[in-house]
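Student: Before I ask anything, here is the structure I am working with.
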Amino acid sequence: LPLLLLALGLAAAAKSPYQQVLQHSRLRGRQHGPNVCAVQKLIGTNRKYFTNCKQWYQRKICGKATVISYECCPGYEKVPGEKGCPAALPLSNIYETLGVVGSATTQLYSDRSNLRPEIEGPGSFTIFAPSNEAWASLSAETLDSLVSNVNIELLNALRYHMVDKRVLTDDLKHGTTLNSMYQNLPIQIHHYPNGIVTVNCARLLKADHHATNGVVHVIDKVIATTTNTIQQIIETEDSLETLRTAVAASDLSSLLESEGQFTLLAPTNEAFEKIPRETLNRILGDPEALRDLLNHHILKSAMCAEAIIAGLTMETLEGTTLDVGCSGEELTLNGKPIIANKDVLATNGVVHFVNELLIPDSAKTVFELAQESEVSKSTDLFRQAGLSSHLTGSEQVTLLAPVNDVFKDGLPVIDSNMRNLLLNHIVREQLSSKYLYHGQKLQTLGDKELRVFVYRNNLCIENACIAAHDKRGRFGTLFSVDKMLTPPTGSVMDVLKADHRFSTLVAAIQSAGLTENLNRPGTFTVFAPTNEAFQAVPQGELNKLMGNAKELANILKFHVADEILVSGAVSALVRLKSMQGDKLEVSMKNNVIHINKEPVAESDIMATNGVIYAVNSVLQPQASRPQERGDEPADPALEIFKQASALSKVSQRNPRLAPVYSRILARMKENSGGF
């Protein structure tokens, strides 16, 4: 029983989004007296909204400034001489209530059409009553056609706004329909999370006005009957002729005729004409790309324009998302005001006409993806190199495209070497970065093998790391990378021998007998001292080092780690175990790689069995470095004891000195682990 009571209490406490927003407006208005609601009014218009918390602080609707006003909450009125709105509106029949709540025109037309006796008499009705402004906004032709035949057209129109039962906002569930009192034709209800409620896409302005024989809700439009599905709207609209052809070719007609609540962002003939003919023909001739294109224009739920008062992300049938927003009176898609005609209601949703085609990534070529991304300069490079055909056809590839910042000093000159390098930026299969794994090998159009490196903070292919989420097109995928990729050309020893900067190092490696080690397959990171680094070593020390093969090998092994670390993986301190045994500390400072606090002269020289960093100093293992003072101050007593050549046996036997000796001895054992 207690659990049941708790459940009932929670159910009672759960309020509809409209009621939650209304409650927030009450809270903001309570300082002005009882039953006062704060209302946001769009400057320059008569549009008003009850305010939620976010809107209250932003003070904007559809990006436009609002002013806060305070008025009586629905169902209450002022009393002269008293603060706030302490009095409930007098309870009367629906006809009388219409005149009180700002729908006098509906009251007038009810009288003219002989609806008045019904809404004055006994019963239980709900009327969605257009405001006075809603009637005034009708075209003269439409209004004349209604009022010139008051006994039929006007009466039928008013009865379509009515339901033969009492329905409050808590009963107006999202995506449901109510049978109207005109031929039981359906009225579509949408109750959005932001508290806005629409009836056939007309917004509820003042809701839940109780009457003796029902409820009055004031709405901002005169609603009309709808009997067409989305597909039937496409078939009858001349401006959607190209869309009609595309839908027929993609077998989507049955979906757009079926029951449901969709939003179709219907591209007009003009929208299709804006697309290059070659691109349009390619998509129309590819059933899969065409289906993706059309599904990208269909939202999974019905979204009336009146419900959009700020930006929100909506999911399409294709599985992608669109940013739907508004700017003043205009709806926007992905930030662009491209909706030409909004809120064309269908039995299974709503249609908004758009004058630009929304092409999803899945219907684009890799070249098109790159042109629209932060790698547009790369597309110029591949086009100049004559490689566009690999990026515009049905060849399955992955493009590793450097971001525009790589070419801030201009594009490189196209020659045979550059063309071959660019071929090695095109992988022979369509990849997805989330499926790449460490050590994976990728084959390029230039017949090179590239390695994948997965790090804690980055995903890299050779020396180039992925700089943005990949874009997957119809046949190819775009990886934006942070630098030009340099495929390996040989082993570590091959690379060192080919670079004159490392001639002294090569001789040292050969002298130490390590040549075979650095030629074999492996995963090395080599911090390679340049000739300049060896010249900085005092000649005597260098001669001594070169003459001692064992010590030389020890020093050289300290420059090599048995794992590949490219610079893109270094964002903080990274510790590598050298082949000598001691740790190497790799860090990034001012966009320069440092090894053991020494700056690196050049990073990411790729080899088939590792990566090389050029350094202008010879690194010293810990044991070979001069003794340095630690961070903690030395204990004077301990230092004196360490430096003493001997201890007198007499002092050990002396009763006064013996305890001191024992304590110092114990501390030395703690610090050094014993002698």
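Student: Quick check on this structure: which one of Thr268, Thr236, Thr263 is β-branched (Val, Ile, Thr) and surrounded by fewer than 21 Cβ atoms within 10 Å (Cβ to Cβ)? Don't jump to the end; show me each part of the working.
Tutor: Working: Thr268 fails: surrounded by fewer than 21 Cβ atoms within 10 Å (Cβ to Cβ); Thr263 fails: surrounded by fewer than 21 Cβ atoms within 10 Å (Cβ to Cβ).
It is Thr236.
Student: Going through region 559-578 one residue at a time, which ones are touching an Asp or Glu at 6+ places or on another chain (Cβ under 6 Å), outside any helix (DSSP H, G or I) and touching a residue at least 24 places away in the same chain (Cβ under 8 Å)?
Tutor: Answer for region 559-578, where residues must be touching an Asp or Glu at 6+ places or on another chain (Cβ under 6 Å), outside any helix (DSSP H, G or I) and touching a residue at least 24 places away in the same chain (Cβ under 8 Å): just Val566.
Student: Against the definition (within 30 Å of Ser239 (Cβ to Cβ) and part of a loop (DSSP other than H, G, I, E, B)), how does Ile359 come out, yes or no? Even if it seems obvious, please write down each step before you answer.
Tutor: Details: within 30 Å of Ser239 (Cβ to Cβ): yes; part of a loop (DSSP other than H, G, I, E, B): yes.
Considered against the rule, which asks whether it is within 30 Å of Ser239 (Cβ to Cβ) and part of a loop (DSSP other than H, G, I, E, B), Ile359 comes out as yes.
Student: Right, next: What number of residues in region 255-286 are over 29 Å from the mean Cα position of the chain (by Cα) and among the aromatic types (Phe, Trp, Tyr)?
Tutor: 0
Student: Return yes or no: is Ile61 of a type in the set (A, V, I, L, M), modelled with pLDDT under 95 and open to solvent by 20 Å² or more (accessible area, probe 1.4 Å)? Step through it out loud before you land on a result.
Tutor: Values: of a type in the set (A, V, I, L, M): yes; modelled with pLDDT under 95: yes; open to solvent by 20 Å² or more (accessible area, probe 1.4 Å): no.
So Ile61 fails the test.
Student: Where residues in region 32-57 are part of a helix (DSSP H, G or I) and at pLDDT below 95, which of them is farthest from Ala202 (Cα to Cα)? Can you show your working first?
Tutor: Going residue by residue through region 32-57, those that are part of a helix (DSSP H, G or I) are 32, 53-57.
Cutting the leftovers down to at pLDDT below 95 gives us 53-57.
Details: Cys53: 23, Lys54: 23, Gln55: 21, Trp56: 23, Tyr57: 26 Å.
Ranking the candidates gives Tyr57 first.
Student: Scan region 191-211 and give yes if some residue there is open to solvent by 70 Å² or more (accessible area, probe 1.4 Å) and under 25 Å from Leu138 (Cβ atoms), otherwise no. Please lay out each step first, then the result.
Tutor: As a first pass, look at region 191-211 and keep what is open to solvent by 70 Å² or more (accessible area, probe 1.4 Å): 193, 206, 210.
Now narrow it down to the ones that are under 25 Å from Leu138 (Cβ atoms): 206.
Yes, region 191-211 contains at least one residue that is open to solvent by 70 Å² or more (accessible area, probe 1.4 Å) and under 25 Å from Leu138 (Cβ atoms).
Student: Looking for whichever is open to solvent by 40 Å² or more (accessible area, probe 1.4 Å), touching a helix residue (DSSP H, G or I) at 6+ places or on another chain (Cβ under 9 Å), outside the structural domain of Pro337 (by the TED database) and not aliphatic (A, V, I, L, M) here; the options are Arg28, Arg47. Which one fits? Before the answer, list the steps.
Tutor: Numbers: Arg47 fails: touching a helix residue (DSSP H, G or I) at 6+ places or on another chain (Cβ under 9 Å).
From the options Arg28, Arg47, the qualifying one is Arg28.
Student: When you scan region 544-552, do you find a residue that is modelled with pLDDT of 95 or more, surrounded by fewer than 17 Cβ atoms within 10 Å (Cβ to Cβ), in the same structural domain as Met606 (by the TED database) and more than 22 Å from Glu598 (Cα to Cα), even just one? Spell out the reasoning first.
Tutor: Initial filter on region 544-552 (modelled with pLDDT of 95 or more): none.
Among the residues of region 544-552, not one is modelled with pLDDT of 95 or more, surrounded by fewer than 17 Cβ atoms within 10 Å (Cβ to Cβ), in the same structural domain as Met606 (by the TED database) and more than 22 Å from Glu598 (Cα to Cα), which makes the answer no.
Student: Kindly state which strands (runs of 3 or more DSSP E) lie completely within region 169-230 and contain at least 1 residues that are more than 17 Å from Phe125 (Cα to Cα) and more than 33 Å from the chain's Cα centre (by Cα).
Tutor: Values: elements: 176-179, 186-191, 197-199, 202-211, 214-219.
Fully inside region 169-230 and qualifying: 202-211.
Student: Given (1) surrounded by fewer than 16 Cβ atoms within 10 Å (Cβ to Cβ); (2) touching a strand residue (DSSP E or B) at 6+ places or on another chain (Cβ under 7 Å), identify the lone condition not met by Ile466.
Tutor: (1)
Student: Something else about it: Give Val586, Val574 a once-over and let me know the one that is farther than 20 Å from Leu505 by Cα, open to solvent by 30 Å² or more (accessible area, probe 1.4 Å) and aliphatic (A, V, I, L, M).
Tutor: Working: Val586 fails: open to solvent by 30 Å² or more (accessible area, probe 1.4 Å).
Answer to the check: Val574.
Student: Answer yes if at least one residue in region 148-163 is within 22 Å of Tyr18 (Cβ to Cβ), open to solvent by 10 Å² or more (accessible area, probe 1.4 Å) and not hydroxyl-bearing (Ser, Thr, Tyr), and no otherwise. Step through it out loud before you land on a result.
Tutor: First, pick out the residues of region 148-163 that are within 22 Å of Tyr18 (Cβ to Cβ): 161-163.
Retained after the next criterion (residues that are open to solvent by 10 Å² or more (accessible area, probe 1.4 Å)): none.
Checked against the condition, which is being within 22 Å of Tyr18 (Cβ to Cβ), open to solvent by 10 Å² or more (accessible area, probe 1.4 Å) and not hydroxyl-bearing (Ser, Thr, Tyr), region 148-163 yields no hits at all.
Student: Would you confirm whether any residue within region 506-527 is open to solvent by less than 20 Å² (accessible area, probe 1.4 Å), free of Cβ contacts under 8 Å to residues at least 40 places away in the same chain, in the same structural domain as Val574 (by the TED database) and part of a helix (DSSP H, G or I)?
Tutor: Checking region 506-527: at least one residue is open to solvent by less than 20 Å² (accessible area, probe 1.4 Å), free of Cβ contacts under 8 Å to residues at least 40 places away in the same chain, in the same structural domain as Val574 (by the TED database) and part of a helix (DSSP H, G or I).
The values are calculated or read from the model by the stated rules, or taken from the named source; none is laboratory data. Everything quoted here is computed from the prediction, not taken from an experiment. No Cβ is skipped: glycine too gets one built from the backbone with ideal geometry, and neighbour counts run over all protein chains shown. In case anyone asks, the SASA skips ligands and DNA or RNA and just uses the protein heavy atoms, side chains included. Shrake-Rupley method; radii C 1.70, N 1.55, O 1.52, S 1.80 Å.
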